[in-house]
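Working notes, beginning with the structure itself.
The values are calculated or read from the model by the stated rules, or taken from the named source; none is laboratory data. Owing to the predicted nature of the structure, the values given are computational and were not obtained by experimental measurement. All Cβ positions, even for glycine, are placed from backbone atoms using ideal geometry, and neighbour counts span all protein chains on display. When the accessible area is computed, the model is the full protein with side chains, heavy atoms only, and any ligands, DNA or RNA have been set aside. Shrake-Rupley method; radii C 1.70, N 1.55, O 1.52, S 1.80 Å.
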Amino acid sequence: GETALLERLIEDLRVLALADAGQLPLYWESVAPGSLLNAVARSFQAQGRDSGIVVRLADLPPLPEIEVDTQRISQVLGNLVANSIRHTPTGGTVVLNAWLGHVAQGTIVCLSVSDTGTGIAPEDLPHIFDRFYRADPSRTRSAGGAGLGLAIAKRIIEAHQGVIWAESAPGQGTTVAFALPCAV
């Protein structure tokens, strides 16, 4: 177990170093946002069920394709869903969603993971994308990771020319969302 944890930590640090250097390899392809979200939701439904949590896909509007590295974006979504499951009590829900947005630079697609979990304290929220930051310092690294998952998610989204953010209130759940440009 300790060896696997150390291997994951080394891989996480490698990904961060590559992203920081602008050398994270990305394999671009056009994909429908709904298909990405559906695949991630299905892959976590059993884990959610085992924890007494419903993991589901929201009813999505028609959306244009996005140009992404599907493996990296699936990694981001998987990290967000795993965090949501970890912080949502039995009987809760994790919902994956997407919607269309517009900014000065053009049309964007926003993807999100929302939960009915414990939420994040206002003083912790600005730091959740920092390396090694854990809102609950009493959690052990083996139980909660090294605090790199959201930092990696941020770097991957930035490598896709996107932005990531979180909204939360203690006891009211958390939504982590990111926006990506539409495929040309």
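The local environment of S30, defined by Cβ-Cβ distances under 15 Å, has a net charge of -3 under the rule Lys, Arg +1 and Asp, Glu -1. For the pair region 89-119 / region 15-59, the C-alpha centres are spaced 12 Å from each other. Between the beta carbons of E158 and A121, assuming R0 = 25 Å, the FRET efficiency works out to 0.50 to the nearest 0.05. Between A58 and E167, the modelled labels are 0.9 nm apart [label points 7 Å from Cα along Cα→Cβ].
Per residue, region 8-103 exposes 52 Å² of accessible surface when a 1.4 Å probe is rolled over the protein heavy atoms with every protein chain present.
Across all directions, the average flat footprint of the convex hull enclosing the Cα atoms of the chain is 10.8 nm².
Compared with the direct C-alpha span, the chain from A17 to E29 gains 2.0 nm at full extension, assuming 0.36 nm per residue. Identify which of A169, A41, A104 has the largest mean-square fluctuation in a Gaussian network model of the chain, with springs joining Cα atoms closer than 10 Å. Checking each option, the largest mean-square fluctuation is seen for A104. Taking 0.36 nm per residue of separation and subtracting the Cα-Cα distance, full extension of the segment from E2 to R131 would add 44.4 nm. In the assembled protein chains, E11 presents an accessible area of approximately 80 Å² (probe radius 1.4 Å). For the residues G22, G106, G117, a GNM of the chain with alpha-carbon springs under 10 Å puts the largest fluctuation on G106.
Build a GNM of the chain with springs between Cα atoms under 10 Å apart, and of H87, H127, H102 the one that fluctuates most is H102.
Residues in region 99-115 carry Karplus couplings, in order, of 7, 8, x, 9, 10, 4, 7, x, 8, 10, 10, 9, 10, 9, 10, 10, 9 Hz; the curve used is 6.51 cos²θ - 1.76 cosθ + 1.60 with θ = phi - 60°, and Gly or Pro positions show x.
The residues neighbouring K154, those whose beta-carbon lies less than 14 Å from its own, together hold a net charge of -1 under the Lys/Arg +1, Asp/Glu -1 convention. For E67 and A104, the FRET efficiency from 1/(1 + (r/R0)^6), where r spans their Cβ atoms and R0 equals 25 Å, is about 0.80. Assuming charge only on the beta carbon of Lys and Arg (+1) and of Asp and Glu (-1), the dipole of the chain about its Cα centre is about 300 debye to the nearest 20.
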